[in-house]
Amino acid sequence: MKSVLVLGCGEFGGTIARRMNDLNCDVLVVDTNEDRINEILPYVTSARIGDCASKETLESLGVNNFDVCIVAVGGLFQTSLEATCTLKELGAQFVMARATNDVQMKFLKMVGADEVAYPEKQTAIRFATKYASDTILDFIQLDSNYSIYEMVVPKEWYGKSLMQIDIRKKYNVNIITLKRDDEVSIPMADTKFTDGDVVFVIGEIKDILKCFKV
């Protein structure tokens, strides 16, 4: 069981805290807003009212004992910056902080954030990619080059087997799973594709887009 400290329980922090609690993590939430603390208390291990940027508050929590510390403070960016810096000074093992623009991301990394979440930008990229083509249903970006895409099978694949289309050799793209009529399976070499099939593929973004003619 991982121990998690979440600073700030607005929409972003509260969602993370609840989800990690559902995944059997030991979650402590800290926020200055008493109403928010009372609201989230039934859904986490414990919750406290306190100043997330206060060194005294963070020292009292023993931040170095948490596996993950998440800075999800809303409002002034200075608060997030101070909380991130203080967490690292106090020996926090891993700090993830939220940014709302590129400048904030840069400064959070400068003061020691191990990872910076940029939900607005990431969501924008996801939806832009998803709605750019009727072929793309969804995608998960793994890094700047590699992604997993959920793709509608093109018409030219109908009636052909995985071996026949041979996209691994032609495009260096691998099919992970096949979804047909809401059932998910791992396609075999002789699996033939048909209208309505959806595949999850992994590879370099440029190769996937070329393979599916996007």
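Some points to look at:
- Matching residues, the stretch 66-121, being of a type in the set (Lys, Arg) and either in contact with a Ser or Thr (Cβ under 9 Å, 6 or more places away or on another chain) or open to solvent by 80 Å² or more (accessible area, probe 1.4 Å) (or both): Arg98, Lys106, Lys109, Lys121
- Residue match in the stretch 160-175 (condition: assigned by the TED database to the domain that holds Ser133, within 23 Å of Thr129 (Cα to Cα) and in a strand (DSSP E or B)): yes
- Qualifying residue in the stretch 35-50 (condition: open to solvent by less than 80 Å² (accessible area, probe 1.4 Å), within 20 Å of Ala113 (Cβ to Cβ) and more than 18 Å from the chain's Cα centre (by Cα)): no
- Residue within the stretch 188-199 that is touching a residue at least 60 places away in the same chain (Cβ under 8 Å) and within 23 Å of the chain's Cα centre (by Cα) present: yes
- Among the residues here, Gln122 qualifies as of a type outside the set (Gly, Ala, Ser) and either outside the structural domain of Asp26 (by the TED database) or modelled with pLDDT under 85 (or both).
- Residue that is farthest from Asp143 (Cα to Cα) [pool: residues in the stretch 177-214 that are aromatic (Phe, Trp, Tyr) and in a strand (DSSP E or B)]: Phe193
- Candidate set: the stretch 200-214, residues that are crowded, with 19+ Cβ neighbours inside 10 Å, touching a residue at least 12 places away in the same chain (Cβ under 8 Å) and aliphatic (A, V, I, L, M); chosen: the one nearest to Ile175 (Cα to Cα): Val201
- In the stretch 7-29, the residues that are farther than 14 Å from Asp67 by Cα and open to solvent by less than 20 Å² (accessible area, probe 1.4 Å) reach residues that are in a helix (DSSP H, G or I) and of a type in the set (Lys, Arg) with C-beta atoms within less than 7 angstrom, at least six apart or across chains, in these pairs: Cys9/Arg36.
- Any hit, the stretch 145-160, residues being exposed (fewer than 12 other Cβ atoms within 10 Å of the Cβ) and within 21 Å of the chain's Cα centre (by Cα): yes
- Residues of the stretch 131-156 satisfying the condition of being part of a strand (DSSP E or B) and touching a residue at least 12 places away in the same chain (Cβ under 8 Å): Ile136, Leu137, Asp138, Phe139, Gln141, Tyr146, Ser147, Ile148, Tyr149, Glu150, Met151, Val152
- In the set Ala128, Ala124, only one residue is over 30 Å from Leu5 (Cα atoms), part of a helix (DSSP H, G or I) and open to solvent by less than 80 Å² (accessible area, probe 1.4 Å); that residue is Ala128.
- Restricting the stretch 161-176 to residues that are polar (S, T, N, Q) and farther than 18 Å from Asp195 by Cβ, the residue that is least open to solvent (accessible area, probe 1.4 Å) is Asn174.
The values are calculated or read from the model by the stated rules, or taken from the named source; none is laboratory data. Everything quoted here is computed from the prediction, not taken from an experiment. All Cβ positions, glycine included, derive from the backbone under ideal geometry; neighbour counts span all protein chains shown. Surface areas here come from the heavy atoms of the whole protein model, side chains and all, with no ligands, DNA or RNA. Shrake-Rupley method; radii C 1.70, N 1.55, O 1.52, S 1.80 Å.
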